[in-house]
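Worksheet: one structure, shown below.
The values are calculated or read from the model by the stated rules, or taken from the named source; none is laboratory data. Just so it is clear, the model here is predicted, and its values are computed rather than measured. Every residue, glycine as well, gets a Cβ built from its backbone with ideal geometry; the counts of neighbours run over all protein chains shown. These area figures cover heavy atoms from the full protein model, side chains too; ligands, DNA and RNA do not enter into them. Shrake-Rupley method; radii C 1.70, N 1.55, O 1.52, S 1.80 Å.
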Amino acid sequence: MPAFNQSRKNIIRLIFVAMFIIIIARLFTLQVITSKYKILADDQGKFRKVIYPDRGIVFDRNGKAILQNTTIYDLMIIPNKLKGIDTAALCNILGLDTAQFNKRIVEVIIKNGRSRPSIFDGLLTDEKMAKLNEAMYKFTPGFYLQERSVRSYPYDAAGNVLGYLSEVDTNFLKSHPDDGYQIGDYAGKTGMERTYEKVLMGQRGIQYWKRDNKNRLTERLENGRYDTTAVAGQNVYTSLDIELQELGEKLMENKLGSIVAIDPKTGGILCMVSSPTFKPRLLTGAERKKHIAELLLNPALPLLNRTVGATYSPGSTFKTLQALIGLHEGVITTDFRVSCGGAFYGCGSGKPMRCLDYGTFDLRNAIRISDNTYFATVMQRVINNPKYPNLDSSLAAWDRYMYEFGLGHKLGVDVPSEKRGNIPTPAYYDKVHGAGKWNYCSFRSVSIGQGEVDVTPIQVANEMAYIANKGWYKIPHLVDSIEGGDQFGMLTKFKEKHNTTAIPDSVFEAVFDGMQGVVDNGTGVAAKVKDVVVCGKTGTVENYYRGVKQPNHAFFCGFAPRENPKIAIMCVVENSGRFGGTYAAPIVGLMIEKYLKDSITDKARLARIDQLSNLNLIPKRIYIEMRRQDSLMHSKDSAYLLAKGYIQIMKDTMGVDQDDEEDALADLKNNKDLTNKKPVKDSGDNKIKPQAILPDKKKKQQEEKDTVSN
């Protein structure tokens, strides 16, 4: 009996020892080997909160803040924590039905997975925020509110210059794999916000919070021991004059076109007006998606920055450069005279190139009255110059001048989507006409800024800076300095002078004389400014749309004052139908007056501002496109497909990101009147291709039509 009891006692001991070993082993496994339950416990007891930094503030040349920050909230979702959520109450607050709610969840999971936080409803309105704050306990832990710093705009101007932010999409993440972006982050998509993203973005911070049993945040974990501080982006100081920008946008209301002004000594951009433009505040905050769709679908292309993304024939503004080349090449002198009897007959009498002014002119007067025959003769002499062995080499030499003037290539401005323009080459004419089968008369229209030559507005303004400086320029740029230093070396190239061709000052002075005459008593008298000597040049540019001649573009460019120039400027008014001196010249005059004198006080000049601002020069074809777009939106399924092609044009032209494209298409798809209205009957192609605003458009060489360019 005692032996039996002893045996039973040992068995019981063994059982307890075994149980103890099992418990110890299990605890060791749970606490040391596997992290599963630690993660679950941590997840229930603490919350990782991302702190988004303030982006850098942007200042104008006078120290005025033109781009600031404000705070707004996103509603974030973690899909694998949705169990037990009061979805009906949430849908009621957000204005969603069940189908829309479920669709958003699916989209979030596809984009970012089930366990990572994603934006469910971004940039909440004040009304939604108030309702969510009252009921947020019903939606945790699947939903939470994320504080975010977004942009605010003290001045409702310079939308195309400053650009806008939007949530990064999958394409963005793929193209920036090493930059630390995550779904839910915002990045600059256009304008300065895009170019200086690295400078402005700052660094995210992290806070760890304790949570109670109802998932409410209580206090910082270990008094913030594990937190990291958000670092604000660097502030940037620009050359932009925001008041000058506002005036330019006012003058260009109800028009298509651009104004660009540059400080010729520094290359700093004083204003960069693209019209039509948009109010930058429309693309921040809760209504952003609605407005981006409206802007994308506008056939006047308000999101296109025409100053760098539109190309035009320069018209007679090009004649100043022809004068520089002719004088420097020695094929003419300032006293060289040409007679105009109504046309240029240097290529025979079959297709004379008309001119408006009869008489005999020297260089200065030819610039003043913008004589076509004179400059056609000058370029003919350059191309047929006997010092060159053949036409290929003489045209190549002419090309080199143009490249050194800043044409035919991207300047490298700090604004995205810059186009290179076009300067025709021997290879181009060999391809079009065949090697050895072309001569000067094949491209005589180039002599007066028509034909195959294309420029952007920023190139024309820079060309004026080059002339004002008597042979050099600095790359035009917006940002002058970065607070805390230029750690990425983004500003270095803007400090370099570009002056490879040593044209004598005397040559420039002769051109100055002609340009001053344009404003004093020539084709650009409307650009006069009291007590300021303005040098300028008008241009009237023929253009075609789908093979049909459109009203002429009006150009004016110049600089002031003549001695020690402080502003180089250009203006183009698309399809104004008038000469460059009619609308573009007075706009430039007012801009020069505002910049040099700081204000415009004369009542007559103020009235002129209002008169030009109220003048509607929107081309008829834009209204036709609006009606056609309305027709597309009301033609059911085919409208959606056609509109998708239309959006593709906008995407290619402006670098629109994937989410913005989807927003615009959704706006079309969800149009409630699709089946209730008959389409507006209209003729023509359904794609919008306004003249001079598509990217790198390959021009079909047409039979040259003789032009009048003043």
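Below, the figures for the structure above:
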| read-out | value |
| --- | --- |
| Neighbours by Cβ (under 6 Å, 6+ apart or cross-chain): first from region 434-450, surrounded by 20 or more Cβ atoms within 10 Å (Cβ to Cβ); second of a type in the set (D, E, K, R) | Ser445/Glu704 |
| Every residue from region 280-307 that is open to solvent by less than 10 Å² (accessible area, probe 1.4 Å), in a helix (DSSP H, G or I) and over 25 Å from Met515 (Cα atoms) | Pro280, Leu283, Ile292, Ala293, Leu296, Arg306 |
| Pair list, Cβ under 8 Å, 6 or more apart: region 572-588 residue more than 14 Å from Val519 (Cβ to Cβ) and at pLDDT 95 or above, other residue small (Gly, Ala, Ser) and assigned to a helix (DSSP H, G or I) | Val572/Ala584; Val573/Ala584 |
| Residue check for Ala604: in contact with a Gly (Cβ under 9 Å, 6 or more places away or on another chain) and within 20 Å of Asp520 (Cβ to Cβ) | no |
| Close pairs (9 angstrom Cβ cut-off, 6 or more residues apart or separate chains): closer than 12 Å to Leu75 by Cβ in region 89-103, surrounded by fewer than 16 Cβ atoms within 10 Å (Cβ to Cβ) and among the aliphatic types (A, V, I, L, M) anywhere | Leu90/Ala135; Ile93/Ala135 |
| Asp480 vs. criteria of a type in the set (Asp, Glu) and in a loop (DSSP other than H, G, I, E, B) | no |
| Matching residues, region 528-553, being among the β-branched types (Val, Ile, Thr), under 18 Å from Ile369 (Cβ atoms) and outside any strand (DSSP E or B) | Val534 |
| Test: residue in region 487-497 that is β-branched (Val, Ile, Thr), assigned to a helix (DSSP H, G or I) and over 25 Å from the mean Cα position of the chain (by Cα) | no |
| Condition check for Val378: in contact (Cβ under 8 Å) with a residue 24 or more places away in the chain, among the aliphatic types (A, V, I, L, M) and either assigned to a loop (DSSP other than H, G, I, E, B) or surrounded by fewer than 17 Cβ atoms within 10 Å (Cβ to Cβ) (or both) | no |
| Number of the exception - Glu509 against (1) charged (D, E, K, R); (2) buried (at least 21 other Cβ atoms within 10 Å of the Cβ); (3) modelled with pLDDT of 95 or more | (2) |
| Residue list for region 45-91, restricted to those being closer than 23 Å to Ser152 by Cβ, modelled with pLDDT of 85 or more, crowded, with 18+ Cβ neighbours inside 10 Å and of a type in the set (A, V, I, L, M, F, W, C) | Ile57, Val58, Phe59, Ile66, Leu67, Leu75, Met76 |
| Residue within region 346-368 that is within 27 Å of Pro476 (Cβ to Cβ) and either assigned to a loop (DSSP other than H, G, I, E, B) or open to solvent by less than 40 Å² (accessible area, probe 1.4 Å) (or both) present | yes |
| Residue within region 485-497 that is in contact with a helix residue (DSSP H, G or I) (Cβ under 6 Å, 6 or more places away or on another chain), open to solvent by 10 Å² or more (accessible area, probe 1.4 Å) and within 30 Å of Ala65 (Cβ to Cβ) present | yes |
| Failed item in (1) open to solvent by 50 Å² or more (accessible area, probe 1.4 Å); (2) touching a Ser or Thr at 6+ places or on another chain (Cβ under 9 Å), with Tyr544 passing the rest | (2) |
| Residue match in region 554-570 (condition: in a loop (DSSP other than H, G, I, E, B), open to solvent by less than 30 Å² (accessible area, probe 1.4 Å) and modelled with pLDDT of 95 or more) | yes |
| Gly163 being on the phi > 0 side of the Ramachandran plot and crowded, with 19+ Cβ neighbours inside 10 Å | yes |
| Options Thr334, Thr320; residue that is open to solvent by 10 Å² or more (accessible area, probe 1.4 Å) and either touching a strand residue (DSSP E or B) at 6+ places or on another chain (Cβ under 9 Å) or touching a residue at least 40 places away in the same chain (Cβ under 8 Å) (or both) | Thr334 |
| Given (1) in contact (Cβ under 8 Å) with a residue 24 or more places away in the chain; (2) open to solvent by less than 20 Å² (accessible area, probe 1.4 Å), index of the condition Tyr144 fails | (2) |
| Condition met for Met201 (open to solvent by 40 Å² or more (accessible area, probe 1.4 Å) and in contact with a strand residue (DSSP E or B) (Cβ under 9 Å, 6 or more places away or on another chain)) | yes |
| Strands (runs of 3 or more DSSP E) wholly inside region 119-190 that include at least 3 residues being more than 17 Å from Gly202 (Cβ to Cβ) and over 18 Å from the mean Cα position of the chain (by Cα) | 143-152 |
| Glu107 vs. criteria under 31 Å from the mean Cα position of the chain (by Cα) and surrounded by fewer than 16 Cβ atoms within 10 Å (Cβ to Cβ) | yes |
| Residue in region 442-456 that is under 16 Å from the mean Cα position of the chain (by Cα) and part of a loop (DSSP other than H, G, I, E, B) present | yes |
| Residue match in region 168-178 (condition: closer than 15 Å to Arg148 by Cα, open to solvent by less than 30 Å² (accessible area, probe 1.4 Å) and in contact with a Lys or Arg (Cβ under 7 Å, 6 or more places away or on another chain)) | no |
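One line per residue, one yes/no per condition, for (1) over 22 Å from Thr540 (Cβ atoms); (2) of a type in the set (A, V, I, L, M, F, W, C):
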{"residue": "Arg288", "(1), (2)": "yes, no"}
{"residue": "Leu297", "(1), (2)": "yes, yes"}
{"residue": "Leu303", "(1), (2)": "yes, yes"}
{"residue": "Ala310", "(1), (2)": "no, yes"}
{"residue": "Ala323", "(1), (2)": "no, yes"}
{"residue": "Gly330", "(1), (2)": "yes, no"}
{"residue": "Gly341", "(1), (2)": "no, no"}
{"residue": "Phe344", "(1), (2)": "no, yes"}
{"residue": "Tyr358", "(1), (2)": "no, no"}
